[in-house]
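Since the structure comes first, as C-alpha cells, the remarks are kept for the end.
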Amino acid sequence: MKPLFVLALVAASILGGAPLAAQSTPENSSTPKSPPAGAASAAPSTELIAQGDKIFHGPGNCYACHGTNAQGSVGPNLTDAEWIHSKGSYEEIVAQVTKGVPKEESKSGIVMPPRGGSTISDDEVKAVAAYVYSLSHK
C-alpha cells in the first residue's frame with residue numbers, strides 16, 4: 001500500500017468516515033449545545049439559557065400559563081425549589097416539557113399539553129428546559 005493511502009485510511013477511521021468539514025466544532029456549530037445525557041451535574045450553558053428565555057417568552061408560549069416571571073398563574077411556579085412532577089433535573093424538565101402532563105398524571109389537576117401546546121422543536125425544548133432549570137437552580 002502507498003503511504004498516502006494508508007494515511008487517508010487511518011484519518012478516515014479516526015474521524016469515523018466523516019469528512020473533516022462535517023465534524024461538529026464550536027467554530028461551525030450555530031446551535032447551543034445542551035448538557036450531555038446523563039450529565040446531571042453539568043449546568044446548561046448561558047447561551048442555551050438565553051435562547052430558552054426567548055422561546056419561553058415567545059414561540060413556546062410558556063409564559064401564558066407560568067407567567068412572564070415564571071412564578072405561576074395557571075401552571076405552577078418554576079422559580080422555586082418545589083417540583084410537583086419530578087425532582088427538577090435538567091433531563092427531567094426536558095422530558096416533562098416534551099411529554100407534557102396528562103390529566104391522569106397531574107398532581108395539581110392542571111393539564112400541560114406536550115411542548116406546552118406549541119410546535120417548538122426538540123432543540124428548542126432543550127433550550128426552554130435549560131432556562132427553566134436555571135430559574136430554580138441559582
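No value in this document is a laboratory result; all are computed from the given coordinates. If you're wondering where the values come from, they're calculated on a predicted model, not measured in any experiment. Because the Cβ atoms are built from the backbone with ideal geometry, glycine has one as well, and the counts that use them run over all protein chains shown.
Tabulated data for the structure shown
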| quantity | calculated |
| --- | --- |
| Neighbour-limited loop hits for trypsin sites (Lys or Arg not before Pro), region 56-121 (at most 11 other Cβ within 10 Å; DSSP other than H, G, I, E, B) | 87, 107 |
| Candidate aspartates and glutamates - alpha carbon under 12 Å from residue 54, same-chain residues fewer than 8 apart omitted | 124 |
| Region 37-138, dipole about Cα centre (Lys/Arg Cβ +1, Asp/Glu Cβ -1), debye to the nearest 20 | 140 debye |
| Cβ-Cβ FRET estimate between residue 110 and residue 138, R0 fixed at 22 Å, reported to 0.05 | 0.30 |
| Calculated FRET efficiency for the pair residue 82/residue 121, C-beta based, R₀ 25 Å, to 0.05 | 0.30 |
| Residues listed by number, region 79-121, amide nitrogen under 20 Å from residue 43 label point at 7 Å toward C-beta | 79-83, 87-94 |
